[in-house]
1. Restricting attention to the range 436-448, which residues are surrounded by fewer than 19 Cβ atoms within 10 Å (Cβ to Cβ) and touching a residue at least 60 places away in the same chain (Cβ under 8 Å)?
2. Among the residues of the range 273-282, is any under 30 Å from D42 (Cβ atoms) and without any contact (Cβ under 8 Å) to a residue 24 or more places away in the chain?
3. Only residues in the range 93-110 that are without any contact (Cβ under 8 Å) to a residue 40 or more places away in the chain count as the first member; pair them with residues that are buried (at least 21 other Cβ atoms within 10 Å of the Cβ) and in a loop (DSSP other than H, G, I, E, B), Cβ under 8 angstrom, at least 6 apart or cross-chain, and list the lot.
4. Considering only strands (runs of 3 or more DSSP E) fully contained in the range 361-430, which possess at least 2 residues that are outside the structural domain of E168 (by TED's automatic domain parsing), more than 20 Å from A150 (Cβ to Cβ) and under 16 Å from the mean Cα position of the chain (by Cα)?
5. With D132, D107 as the choices, which residue is acidic (D, E) and more than 20 Å from R69 (Cβ to Cβ)?
6. Specify which of the listed residues (A433, A462, A475, A413) is surrounded by 14 or more Cβ atoms within 10 Å (Cβ to Cβ) and more than 30 Å from S540 (Cβ to Cβ).
7. Applying the selection to the range 314-360, what residues are acidic (D, E) and either within 23 Å of the chain's Cα centre (by Cα) or part of a loop (DSSP other than H, G, I, E, B) (or both)?
Amino acid sequence: MTVHWRFYPDDLRLQEDLARQFSLSRLAARILINRGLRGPDDVAAFMSASLEGLTDPFRMAHMERAVDRLVAALARKETIVVYGDSDVDGVSGTALLAGFLRAVRADVATYTPNRLEEGYSLTPRGEAFIRDRGAKVVITVDNGTTAVDAIARLQADGIDVIVCDHHEPGERLPPALALLNPKWDGCGYPFRWLCGTAVGFRLLTALATRLPARANQHETLIRVLRHSIGLVALATICDCVPLVGENRALARSGLAALSSGEHPGVQALLRIAGVHGRVQQDDVSFRLGPRINAAGRLGHAERALELLLAADDATARACAKELDERNQTRQDIEAHILQGAREKAAIAATSDAPILVLADEGWHPGVVGIVASRIATEFQRPTILIGMRGASGRGSGRSVRGFDLHHALAQCAKHLRAFGGHAFAAGLEVDAAALPAFIDAVNAAARTSWKDDPDQELWIDAEVPLGVLTPSLMAELERLAPFGEGHPLPTFVVPDVQLGGAPRRVGRNQNHLTFPVLQSGVVRNAIAYGMGPRADSIGSAERFSVAFTPRLNLFRGKAGVDLEVKDIRVA
């Protein structure tokens, strides 16, 4: 696979203007320009993103009726079921809604389906739970948009359903009392990229304005909402929605809330994950998120929900310990599946099929999504992994830039028992007998809408000397955080460097590479994930150029800057 380095055009005058107006370095201004922020108003909105700038939640279609129904349910003391998905978004949103409603003395029950036994969304077992609890209102979080038949049955039985979701609608919309989903064309909300938890948060901010005034209740609600914004950031970052616009404001405020130490469950998870000090987006993505997800991936997400609802340290510590152990089990299962998937992918990649569809008996359906993401990145092709169990299988797919996976699945829906998701990630269920026809159909759909290109583009923000990589630079880049989908970490190139020492292969399978780089007397450490096999070629090179993302390294109280390598070009 060839990696093409693409440099953004360099607008020196605009860099100088923005740097002067916003007290930025020219390098920081250049990064903002590269992200499409070319005017002072755009930059000002970006730099000052806060909750005060969020859109009025009542601009969302059906919000009025959703709030009215919840106000009535509270007045009548009706039972409300919060029904969430089993991933970080669903669990965080369930905890957020249940916590708020309990704070206003609602009768609330929660439900998350067992992913392995039930699958996704509103399941028959979930419907039975709702009826058994005598619920009159159901709020779905991170699901419900495609649960047309299940919602029709609940509504017919006099159970009102409020959907808080962000997945792509199908041809039929659910007959819910209220469909709160910015991806729905009729929603009317100007920002389309909220995750399910964020939609639930908007519902709560709207509800808070309509609740009857009671002594001290206003202060309680404000405290609960501020407390809850950490859960919104957790879901927003882990669900890989674009960290621009309203999501940037939610993530910034939420990271500050996570760092405040007021949430027992989050604090217990931070401690067991080894996170200290201010919580960063990488801590959420790579330390908190995987541990919360591990519960749902291996079965039931109840323990993760218990953690996020924990009111005392003892409960929080016990939940965090169990989630950490489950995450280790998940990593072991993932490593086993990854080995087999790589072998299958290497064979499948020799064909002309634009999508890698890999299936095997016994692959754990709760882990295949993580492995699909790894394979898609390594082979630069959309990838679907399916764990087969006898006559049927459950799978998960991950896409690459430029290809809408959900759209491709929609075109071959007749071969699937169920599917859902969005452009970048999707889940599916398929009968073993229909698998060959599905593989042919999804690849045929891909050929009409996307051309497989084995080459990869790496966009470079700037060429810099090694000496510019200082803690001061990292402090300035922190003003542009949080980074993520839609607002990626800066990528720089440092040219004409030499090895400052022998490269070393590291990692469980020695598939990573670490080495010092030297330029004009300045030395920085570099880590190149997945590049272990390139040790000999780099070790024999006199000079080379490195494309990388800078990372702050705090070791024994001393700050330094390391290079997380994206690509290497030997001169």
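The values are calculated or read from the model by the stated rules, or taken from the named source; none is laboratory data. Keep in mind that this is a model prediction, so the values were computed, not measured. Methodologically, a virtual Cβ is constructed for each residue, glycine included, from the backbone with ideal geometry; neighbour enumeration extends over all protein chains shown.
1. R447
2. Yes, some residue in the range 273-282 is under 30 Å from D42 (Cβ atoms) and without any contact (Cβ under 8 Å) to a residue 24 or more places away in the chain.
3. Close Cβ pairs satisfying both conditions: A109/A135.
4. Working: elements: 383-389, 392-398, 418-421.
Per the criteria, 392-398.
5. Details: D107 fails: more than 20 Å from R69 (Cβ to Cβ).
Of D132, D107, the one residue that is acidic (D, E) and more than 20 Å from R69 (Cβ to Cβ) is D132.
6. Working: A433 fails: surrounded by 14 or more Cβ atoms within 10 Å (Cβ to Cβ); A462 fails: more than 30 Å from S540 (Cβ to Cβ); A475 fails: surrounded by 14 or more Cβ atoms within 10 Å (Cβ to Cβ).
Within the list A433, A462, A475, A413, the selection yields A413.
7. Taking the range 314-360 and keeping what is acidic (D, E), we get 322, 324-325, 332, 334, 343, 352, 360.
Answer for the range 314-360, where residues must be acidic (D, E) and either within 23 Å of the chain's Cα centre (by Cα) or part of a loop (DSSP other than H, G, I, E, B) (or both): E322, D324, E325, D332, E334, D352.
To keep it simple, each residue is scored yes or no on (1) touching an Asp or Glu at 6+ places or on another chain (Cβ under 6 Å); (2) under 30 Å from N247 (Cβ atoms); (3) not in a strand (DSSP E or B).
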| position | (1), (2), (3) |
| --- | --- |
| L473 | no, yes, yes |
| L477 | no, yes, yes |
| L480 | no, yes, yes |
| P490 | yes, yes, yes |
| V493 | yes, yes, no |
| D496 | no, no, no |
| A502 | no, no, yes |
| R508 | no, no, yes |
| L513 | no, no, no |
